Every structure is written in structure tokens, then in C-alpha cells.
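Let me begin by presenting the structure, written as C-alpha cells, before commenting on it.
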């Protein structure tokens, strides 16, 4: 389980105090797929970095699987938005996926099948010996996802992972991440600014207010589990939920302005 | 194939033209200090493809190799430590700036007092000059490690040796190579200079001996040999660089498209 309690983050520097995250409290149950949406500049990335243990909060606490986060927690993987900068350009695709396992001193005989499986899961078995920069943006983000899969995390954080790829690739990657989640039973927290994406992907959507960020509203997505780009997005219920999220985000923006 | 041939022609064309011009311009020369190229080339074979190869050329190259290798090891080690620790950098920077500003040839008299006139002194002179470009470029390279990649390492718990090997050294490698290239040309200069003082063998020593003994064609042939050695070493350097930085040149080629 992932739990965030009274999280607050204030950036202090150069004579300017910025309260990025005001007071955030929410929980994500084991194996849940939760999307976090909010207006741009609302401290989504700050929240994610605090959960990942990459940034110490000013106050409040984060717990991953019952353990308080003080540094990068065990069994947690992050997929960053900047796929081009989160892969090692001097390592081949396969070596990129393998490196966290090597660093964890997993024996070669155990990590090889994990890497092969992860690459197959994202449809990149053929690109194993390519360098990341020889691949398209969408494929690079697939490599980053494969690396997270091979790591076998209990919690997976994704920070606007599809913000920088084109619309068609994005739809493919959304379906990919749904199937990965269903297969692995991992707890997934997906941060995005895209309302459609949040409703399409998640079981639950957490809407944030403008900075200093609070939880503005939570919404259960009661769409069927088997989702499809055509039928799900054409579903009247989808349109309804999307409208609710949109209205909430507009309200949050209005309150800020 | 024709492309390779054309490139080879381009590489050879200018040197061939210059040598031809020199050959004919100097053909009828009776000036004692400027002998015809034909005489210099004749002296070249006699002078260098005999016992001098073992007595002078190889010792020079061995001292260069040893001094250069030591400079690389010291420069990279110290550079990584300095680049990773802001406190160490603040402590060392003023001293480094001072030491770097001292021209290495003026160290020769001092090093003779400390280390005698043997090989140790000559190697130390080479080290004292070569270490700076390597050190300073390594510091810069280590400081410029990409933030997203560093976060990726942290969240996948890639630490210690694995981090040093796969993140720090590899991201700094383009700049380390730049430093190493500068150091190589400085090394060749210092190899010759260190042999001009209190030496009994080596290329620099032999060339000065020829000049003092009015063996003018032989003196010229020594200068030619030094030039050729420089070319050979830079070819070797390029081959090594191509292997180490293949990924880097690959990215640059992709970005240029």
C-alpha cells in the first residue's frame, strides 16, 4: 500500500518561498491503478519525487508498503517523462533493462530471462541490441517501461510518461501500460495533466488543486476493466466522468486565478 | 570503395604536395644548414633504423607512455573525486589553478634536484604537464552528469561502484577524452624538452646532439621523425576514441539529421 499523509513541500531559495505542495493526504490500495491529474504547475512532479524518495518533504510523511520513505524505497520503480534522458545512451537496450538487476547483484542466470520477458512484454525483443538513441521516442519510453517491469517493483510511479510522444504512439502505450498492470498486479500511480488519459487508464482519479496543492476531489472510474480506445472512449459514461474531472480542474484553476 | 579511395587521396594529397615542393625547392641547395630533402631522407634511414631505434626512440616512447598513463590515472581519479564533492572542489581549486599556471618546463630544474637526472625526472615532467587537462576536463564532465539519469540511478538503487562505472565515468567520458587528447600533444612536447636537459639518451637529446655536432641532415631527420610519431600517436588515439565514444558520435550523427 502507498500512503501519503499531510505532505507539504516548500521550496526556499533566492529569497523566494514557493509552497509547491500544501497539504496532501491520500492512499492507494495494493494493486490499484490510480491517476493523479491537476492543472499545470500544481506540484505533480514534486509529489511524485517525494513519494519516490528523491526529494525530502518539508513536513508530512509517505509510506510505501508500510515503511516510511526516507530515501528511494525498495521495490519501487519510476518511469520518467524524459525518456531520452532516463536511458543510458552508452548501454544497449538490453543492458539498460538489465542494469538495475546487475546493481542488485542478481545472478546472470536469473536476470537474463527477466530481461527477455520484459522486452517481449513491450514488444521490443528485436531491438535488444540497439542503442536507445537509434529508436523512436515511443520505443525509448517502452524501453524505460521494460526496465521497470524487469525490476519487479511492487509500486510503479509514472510521471507524465506519454507527454512527449505523438497521439497514436500514446494510445498504444496507454493500452500497453493497462495490460502490464493487469498482468503484474503492481500498484500503479500515474501522474498526468491529460484528463482523457487519466479517466481512460485509472480505477480512480485524484484531482489536485492549483499550488499550494491539496486533493480537490477523488473519483472512482466505474468503467469496465477491459478497456479499448474505441469503445471505452465512445462510452457515454466515459464522457460523463471526463466532464466531471474537467469541471473540477477548471474550478481549481479558477480558484487559483 | 571509391569513397574510401577518395578519402585516402584527400588525406595524402597535401602532405605529398608539400614534400614534393620541399624536394624540388631544396634540390640544388648548397646551404650547409638547409640540406636538400634527398639528403635528409637518406640520413633518416641510416640514423633511425639502427641501434638508435632501441637506444633512443624506444626509451623516449616508453617514458612518454608511462608518464601519459600515470597522468591519465591521477587526473581521472582526482577529477572524479573533485567533481563529486563540492567541498573538495572548493578546497582544491585555488591550489589547482596555481599549479596549472606553472609551465611544466620550468619544473625541470626543480625535478632534477628532487628526482635526479634519470628516467624518474623525465617521467615526472611529462606527468606534471599532462595531468592538468585530464583533471580539469574530468571535473567538468563529472559535474555535468544529467539530473534525470542521476535520479534514475537513485531510484533503481544503482550505487557505489556500479554508479561510478555506469553513470559517472561514462557520462564524463567525452570530456575525459577531450582532456586526454590535449594531454597527448603536451606529453610529446615535454618528452622532448625533458630530454634536452641532463640526458644521455632519447629523441630530444639526440636531436640536440646532432645540432651541436653540425650533423645537420640528421638533425632535420629527427624533426621529421618527431612529426611522424605525433601523427602515428594521434591515429592510435582516434582508434581508441572511436571504440570508447562510439555511442557519443552515434548520438551526434542522429542529432545532425
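Data for the structure
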item	result
Helix B:203-212 vs. chain B, principal-axis angle (Cα, 0 to 90°, nearest 10)	30
Alpha-carbon centroid distance for the pair segment A:110-182 / segment B:102-177, whole angstrom	36
Cα→Cβ-extended label distance, 7 Å offset, between residue B:46 and residue A:233, nm	8.6
Choice from B:172, B:162, B:71 showing the highest fluctuation, given a GNM over chain B with Cα pairs closer than 10 Å	B:162
10 Å Cβ neighbours from other chains, averaged over peptide A:82-94	5
Gain on full stretching of the segment that runs from residue A:247 to residue A:63 - 0.36 nm per residue minus C-alpha separation	63.1 nm
Label point distance in nm, residue B:189-residue A:167, each placed 7 Å from Cα along Cα→Cβ	6.0
Calculated FRET value between residue A:5 and residue A:226, using beta carbons and R₀ = 35 Å, to 0.05	0.55
Cα→Cβ-extended label distance, 7 Å offset, between residue A:112 and residue B:146, nm	2.9
Computed over chain B: relative contact order in percent, which uses C-alpha pairs under 8 Å that are six or more apart	23
C-alpha long axis of helix B:216-244 to longest principal axis of chain B, angle in °	20
Chain A: most fluctuating residue of A:17, A:147, A:111 per GNM, C-alpha cutoff 10 Å	A:17
Computed [θ] at 222 nm, deg cm²/dmol, chain B (DSSP H ≥ 4; -39,500 (n - 2.57); rounded to nearest 500)	-26500 deg cm²/dmol
Extension gain (nm, one decimal) between residue A:182 and residue A:70, 0.36 nm per residue minus Cα-Cα	37.4 nm
DSSP bridge orientation in chain A - percent antiparallel, rounded to nearest 5	50
Extended-chain gain in nm, criterion 0.36 nm per residue less alpha-carbon gap, residue B:69 and residue B:114	14.0 nm
Mean Cα-pair separation over length for chain A, i.e. relative contact order, pairs under 8 Å, 6 or more apart, %	26
Within 10 Å of each Cβ in A:148-154, the average number of Cβ atoms from other chains	1
Protection proxy ranking, peptides A:174-180, B:20-26, B:185-191, average beta carbon neighbours within 10 Å, highest first	B:185-191, A:174-180, B:20-26
Helical contribution to [θ] at 222 nm, DSSP H n ≥ 4, -39,500 (n - 2.57), averaged over chain A, rounded to 500	-12000 deg cm²/dmol
Peptide-level mean, for A:100-106, of C-beta atoms on other protein chains within 10 Å	4
Packing rank of A:182-194, A:241-253, where each peptide gets the mean count of other beta carbons within 10 Å, highest leading	A:182-194, A:241-253
Three-way shape call for chain B based on the alpha-carbon gyration tensor, with the a/c threshold at 1.5	oblate
Label point at residue B:198 placed 7 Å out along Cα→Cβ; residues across segment B:111-149 whose backbone nitrogen lies under 15 Å	B:111-126
Chain A: most fluctuating residue of A:133, A:181, A:90 per GNM, C-alpha cutoff 10 Å	A:90
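Any read-out appearing in this document is the output of simple, stated calculations on the displayed coordinates, not a laboratory observation. Everything numeric in this text was worked out from a predicted model, so none of it was measured. Cβ atoms come from the backbone with ideal geometry, glycine included; neighbour counts cover every protein chain shown.
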